[in-house]
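Here the structure is laid out as structure tokens; the discussion comes afterwards.
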Amino acid sequence: MADSPNLFEMDPVHPGRILRQMMAAKGWTQDELATITGISRQSIYMILAGKSNITAETAVRFGAAFGNPPEEWIKWDGLYRLANVSAESEAAQVGSLARLYNVAPVREMIRRGWIRPELPPAELQGELEAFYESASLEDGVRFPVAAKRTVTLGDLNPAEVAWCFRARQLAKTLLAEEFLPEQLSKAQAELRKLATHRCWPGTGSGFSWLSRCQTPESTERHFGLMRGP
């Protein structure tokens, strides 16, 4: 149809306006279009008034009546509806939440009480940035391993990265004595002993003592890390 390219160059309008132009070009009334297409006069009126959208069946019937592809009617309708979705609507929040859930295991972090529940996207982002000790999550999460060095933890999934930061938070609460290099050899020897230690038959070796044999407090005392008794 010759007029179609011009219609696509316009800002999106409701298909009812396009329908009105096509009816005028053919000299058809609403009653005549209803008779030709088998669509009720009320439905045609609602489309012309911009109060109804174009369904697939309507697109097929209009396409047959006016000689253009049904896809054009569907496209005009879709473009109009997309143009009327506000950037401030809930659709804009979907993208923000999707990015945050891609960075962090948000649901699991809420369940464990690491971050507050039911926050809007902006506040949730603030909570996550505080948790990950980051000014921005735009470039991903970086783990500070030393005063002047960070790593990206690219081989870990979001849940594993979150646990790294949680362990870092818990480590900051430990009452540990100042590190002395001369104690390192002694600690290494103790670790080698523990690596072969069995708690009871069938529990395996290695570092099973961390989860089965000792409490965190007794482990810390074992290495002389706590100042208390």
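The values are calculated or read from the model by the stated rules, or taken from the named source; none is laboratory data. None of the values given here were measured: they were computed from a predicted structure. Quick reminder, even Gly has a Cβ in these numbers, built from the backbone with ideal geometry, and neighbours come from all protein chains shown.
Quick one: in the stretch 22-54, of everything that is within 46 Å of the chain's Cα centre (by Cα) and basic (Lys, Arg), which residue is nearest to ALA64 (Cα to Cα)?
ARG41
Please specify each residue of the stretch 163-186 satisfying the condition of being in contact with a Leu (Cβ under 9 Å, 6 or more places away or on another chain), surrounded by 10 or more Cβ atoms within 10 Å (Cβ to Cβ) and among the hydrophobic types (A, V, I, L, M, F, W, C). Write out each step before concluding.
In the first step, residues of the stretch 163-186 are kept if they are in contact with a Leu (Cβ under 9 Å, 6 or more places away or on another chain); the result is 163-164, 174-177.
Narrowing further to those that are surrounded by 10 or more Cβ atoms within 10 Å (Cβ to Cβ): 163-164, 174, 176-177.
Correct list: TRP163, CYS164, LEU174, ALA176.
Only one of these conditions is not met by ALA122: (1) in a loop (DSSP other than H, G, I, E, B); (2) farther than 16 Å from ALA162 by Cβ. Which number is it?
Every listed condition holds for ALA122 apart from (1).
Any idea which of GLU133, GLU138 is in the same structural domain as ARG112 (by TED's automatic domain parsing), at pLDDT 80 or above, surrounded by 10 or more Cβ atoms within 10 Å (Cβ to Cβ) and charged (D, E, K, R)?
Working: GLU138 fails: surrounded by 10 or more Cβ atoms within 10 Å (Cβ to Cβ).
It is GLU133.
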